[in-house]
Amino acid sequence: MAGPALRIFSGIQPTGRKHLGNHIGAIAQYVTSQERGEGIFCIVDLHALTVAYDPAELRERLYDTTAILLAAGLDPARCILFRQSDVREHTELTWLLSSVTELGRLERMHQFRDKSDAQRRMVRAGLLFYPVLMAADVLAYRAHEVPVGEDQREHVELMRDVADNFNRRFAGGEEVLVVPELRMPEVGARIMDLQDPTRKMSTTGASEQGTVYVLDEPKAIEKKVKSAVTDSGSAVRRGDGKEGIANLIEILAAVRGIGPAEVEESSASMRYGEFKALVAEAVVEYLAPVRERYTELREDERGLEAVLGQGAERARAIASGTLADVRELMGVGAPSAIATSV
Ligand code: AMP
Ligand code: TRP
């Protein structure tokens with residue numbers, strides 16, 4: 001049952017195009033996880049079924065996302081990268097965990113409320129269960145840490161409570177399911193839309209001009225950053241009414257791996273135009289290697305399938321052990337003492 005000293009798990013949606021917020025808030029953390037412990041990364045195609053979608057498109061976007069992650073530096077020799085639907089233990093554990101998850105709590109989750117408001121025509125039942133599937137993703141691996149951006153905080157809190165409820169109800173308080181820790185980047189946990197810096201950068205909802213995609217050409221990035229909405233002042237620092245500049249400061253700090261205060265100090269004498277040009281150049285440089293490696297990786301769909309297939313096999317080997325323990329403790333299936341003697 002003993003796993004590695006530090007196991008890190010995160011999931012990412014195969015929907016839409018990945019943007020700078022995803023890269024800074026999540027993907028960059030995945031890449032460094034490989035040095036810190038055992039990284040397990042999952043492309044969550046089942047989560048993508050909770051909103052309207054097109055089946056053929058889903059497969060395409062799944063390959064896009066896989067290629068982006070590999071281009072960003074995930075190395076299948078040093079981490080496990082797989083497709084959620086390939087490991088059926090996730091769906092089984094979702095159902096089992098629903099018995100220690102309170103309905104009212106799911107109904108109050110921010111994401112459920114926001115997305116169900118946006119989807120007036122048909123709110124899928126899966127949307128309500130989204131956080132339980134996410135809890136199962138992580139708990140199946142007994143992961144210690146979950147690197148994500150700020151918008152996932154509530155989901156991680158729920159999975160901690162689900163693990164805790166399970167342990168108390170079925171394991172006499174023993175940590176059979178590891179209660180995972182949230183891990184957010186110190187800088188860049190919430191990158192804002194460049195055109196509306198009061199909203200987070202996102203594939204759905206926010207503006208096309210305000211969203212820098214990982215695969216954008218340098219010219220497009222430059223244009224978007226240079227036309228970022230700022231304020232009528234002139235000081236490059238954070239403060240009330242300065243959300244636009246604060247966001248650019250945060251972006252520059254994140255891509256340079258320094259603190260925002262350092263950016264403020266070194267840019268104090270700059271005009272907005274000059275500062276934006278500096279940020280644009282830094283972002284172009286930051287994303288260029290990913291875009292350059294992407295094309296070749298994306299073309300080789302068999303190669304991508306091979307990576308995902310090997311990842312799924314390794315993931316299954318871990319998750320099946322957890323499921324055996326959970327089933328046993330919950331009284332589901334044949335008891336292991338009898339099952340192994342017949
Ligand atoms: P998604 O593409 O929704 O699966 O998100 C993948 C990861 O990116 C999650 O860990 C999110 O928390 C993170 N993320 C999404 N948007 C942002 C943002 N604007 N700033 C920072 N992190 C983000
Ligand atoms: N809900 C996450 C997002 O939208 C994706 C996700 C699914 C996830 N399962 C996960 C993140 C498990 C961390 C751990 O970004």
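The values are calculated or read from the model by the stated rules, or taken from the named source; none is laboratory data. Given the structure is predicted, the values throughout are model-derived calculations rather than measurements. All Cβ positions, glycine included, derive from the backbone under ideal geometry; neighbour counts span all protein chains shown. Accessible surface areas use protein heavy atoms only, side chains included; no ligands, DNA or RNA. Shrake-Rupley method; radii C 1.70, N 1.55, O 1.52, S 1.80 Å.
Kindly rank 187-197, 93-103 from highest to lowest mean number of other beta carbons found within 10 Å of each residue. Numbers along the way, then the final one.
Values: 187-197: 21.9, 93-103: 17.5.
In descending order of packing, they fall as 187-197, 93-103.
Picking from 306, 317, 341, whose Cα lies most toward the positive end of the charge dipole for segment 280-342 (charges on Cβ: Lys, Arg +1; Asp, Glu -1)?
Checking the options against the dipole of segment 280-342, the answer is 341.
Looking at the chain, do any whole DSSP H helices span at least 18 angstrom along their long axis by alpha carbon and average 1.6 or above on Kyte-Doolittle, and which? Write down the numbers at each step before the final one.
Details: long enough: 55-72 (26 Å, 0.17); 125-139 (22 Å, 1.79); 153-170 (26 Å, -1.15); 243-256 (19 Å, 1.09); 272-299 (40 Å, -0.24); 301-330 (41 Å, -0.04).
Once both thresholds are applied, what remains is 125-139.
Treating the beta-carbon of each Lys and Arg as +1 and of each Asp and Glu as -1, no other charges, what is the dipole magnitude of the chain about its Cα centre, to the nearest 20 debye? Let's see the in-between values first.
Working: 42 positive and 52 negative charges, 91 e Å.
Here the size comes out at about 440 debye.
Write down the accessible area per residue of the chain in Å², having rolled a 1.4 Å probe over the full set of protein chains. Spell out each step's value before the answer.
Values: 16290 Å² over 342 residues.
The answer is 48 Å² per residue.
Could you list which residues have their amide H under 5 Å from that of residue 199, counting only those 5 or more apart in sequence or on another chain, with H placed in the peptide plane?
193
Taking only DSSP H segments of four or more residues, each worth -39500 (n - 2.57), what value at 222 nm results for the chain once the sum is divided by all its residues, to the nearest 500 deg cm²/dmol? Mind dumping the intermediate values first?
Details: 13 runs with 176 residues, N = 342.
Theoretical 222 nm ellipticity from helices: -16500 deg cm²/dmol.
Mind giving me the nanometre distance, one decimal, between the label points for residue 91 and residue 125, set 7 Å out from Cα along Cα→Cβ?
The two pseudo-label positions are separated by 1.4 nm.
Please give the contour-minus-distance gain from residue 157 to residue 302: 0.36 nm per residue of separation, less the Cα-Cα distance, rounded to one decimal in nm.
Values: separation 145, 0.36 × 145 = 52.20 nm, distance 3.74 nm.
Extra length available between residue 157 and residue 302 comes to 48.5 nm.
Can you say what percent of the DSSP beta bridges in the chain, counting only those with both residues inside, are antiparallel? Round to 5. Write down the numbers at each step before the final one.
On the way: 2 of 17 bridges.
Counting DSSP beta bridges with both partners in the chain, the antiparallel share is about 10 percent.
Under a Cβ-Cβ cut-off of 10 Å, what is the net charge of the residues other than residue 48 that fall near it, where Lys and Arg count +1 and Asp and Glu count -1? Present the calculation step by step, with values, prior to reporting the outcome.
Values: positive: 61; negative: 45, 57.
So the environment of residue 48 carries a net charge of -1.
If you average the C-alpha positions of segment 285-310 and of segment 142-189 separately, how far apart do those two centres end up, in angstrom?
Rounded to whole Å, the Cα centres lie 30 Å apart.
Which whole-number percentage describes the relative contact order of the chain, with Cα contacts under 8 Å and a sequence gap of 6 or more? If you can, show how the numbers build up before the last one.
On the way: 523 pairs, mean separation 73.2, N = 342.
After rounding, I find 21 percent.
Just in segment 1-68: which chymotrypsin sites (Phe, Trp or Tyr not before Pro) are loop by DSSP and have at most 16 other Cβ atoms within 10 Å? Present the calculation step by step, with values, prior to reporting the outcome.
Numbers: sites: 9, 30, 41, 53, 63; in loops: 53.
Passing both the DSSP loop test and the Cβ count: 53.
Please give every one of the aspartates and glutamates within straight-line cross-link reach of residue 200, meaning a C-alpha to C-alpha distance under 15 Å, and leave out same-chain neighbours fewer than 8 residues apart.
Counting by Cα, and skipping residues close in sequence, residue 200 has these aspartates and glutamates nearby: 114, 150, 151, 208, 243, 250.
If DNA, RNA and ligands are ignored and the probe is 1.4 Å, what is the ranking of 264, 281, 296 by accessible area, most exposed first?
Details: 264 35, 281 115, 296 145 Å².
Highest to lowest solvent-accessible surface, that is 296, 281, 264.
Ordering 340, 91, 66 from largest to smallest accessible area (1.4 angstrom probe), what's the sequence? Working shown, then result.
Details: 340 115, 91 70, 66 0 Å².
Result of the area sort, largest leading: 340, 91, 66.
Output the relative contact order of segment 1-78, whole-number percent, from Cα pairs under 8 angstrom with separation of 6+ residues.
Working: 73 pairs, mean separation 33.2, N = 78.
Once divided by the residue count of segment 1-78, the mean separation gives 43 percent.
Please get the size of the charge dipole for segment 47-188, origin at its Cα centre, with Cβ charges of +1 on Lys and Arg and -1 on Asp and Glu, quoted in debye to the nearest 20.
Numbers: 18 positive and 24 negative charges, 80 e Å.
Charge dipole, segment 47-188, about its Cα centre: 380 debye, nearest 20.
Counting pairs of alpha carbon atoms under 8 Å apart in space and at least six apart in sequence, what relative contact order in percent does segment 218-296 give? List each step's numbers first, then the result.
Values: 73 pairs, mean separation 29.1, N = 79.
Here the relative contact order equals 37 percent.
Quick one: the Cα spread of the chain along its three principal axes, in angstroms, biggest first?
Cα spread of the chain along its principal axes, largest to smallest: 77, 43, 43 Å.
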